[in-house]
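Just below is one structure, and these are the notes that go with it.
Quick note: the coordinates plus some simple rules give every number you see, no bench work behind them. Since the model is a prediction, treat every value here as computed from it, not as a measurement. Virtual Cβ from ideal backbone geometry, glycine too; neighbours counted across all protein chains shown.
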Amino acid sequence: MDSNFSWQPHIEAILAKATQRLYFLKQLTRAGVPHSQLRHFYLTVIRPVLEYSSPVWHHLITKKQSDQIEAIQKRAIRIIYPCAHDMPYTSAIFLADLPTMSDRRDQLARKLFKSTIHPIHPPYITFFPLLENIHLSLDYESPKLLLKFPRIPPEPKNTNYSSHMLSPTIRLHNCFFFSVFIVLCVFVCVCLLSTILFSL
């Protein structure tokens with residue numbers, strides 16, 4: 001996104017990069033590589049470039065920009081399947097068994113949204129074990145995200161904490177922040193001492 005809140009620079013960059021990779025697809029076609037492998041090359045080398053960060057900008061681009069992205073896939077299909085040159089685009093994508101780029105971006109955006117609300121993303125469970133029991137639900141009738149937190153029992157009195165084994169992740173987490181705290185304290189002390197010495 002540029003200073004004018006436009007995605008044009010990003011779209012131009014991915015179009016240029018994907019166009020360069022179409023050249024290699026043409027070379028593979030001339031070398032007699034089978035259609036299935038050419039299609040695999042497109043799906044793994046060219047299409048990911050066109051979809052880079054697409055959930056962020058999918059709903060913010062113009063129809064012209066969307067058509068420019070679609071044109072790259074149209075060219076790729078015609079390179080892979082020479083018989084698709086005279087076909088309409090809808091017939092060509094049916095032949096290649098591919099969705100349109102617009103539908104594909106919409107699927108990726110929906111998948112990302114669903115992964116953020118249900119189920120909970122695994123890294124959060126790793127670093128915050130209590131979140132395993134939090135239940136997330138999306139009310140589709142009224143757009144509200146409902147969180148149900150588990151009831152945590154109170155700590156018993158006179159608990160011997162040394163007998164409880166903390167998870168390695170929590171211990172590592174605490175050690176990291178303690179180390180950062182010590183480094184900051186040392187840095188502040190050094191700065192104060194240097195200031196005092198220079199003032200003398």
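Net charge near TRP57, counting Lys/Arg +1 and Asp/Glu -1 over other residues with Cβ under 11 Å of its Cβ? Mind dumping the intermediate values first?
Details: positive: ARG105; negative: GLU51.
Summing Lys and Arg as +1 and Asp and Glu as -1 gives 0.
Across the cross-link table entries LYS63/LYS111; LYS17/LYS63; LYS26/LYS114, which are compared at the Cα atoms, the separations over 26 Å belong to LYS26/LYS114.
Taking Lys and Arg as +1 and Asp and Glu as -1, the other residues whose beta-carbon sits under 12 Å from that of LYS26 total +4. Equivalent ellipsoid of region 8-113: semi-axes from √(5λ) of the C-alpha gyration tensor, largest first, are 23, 15, 13 Å.
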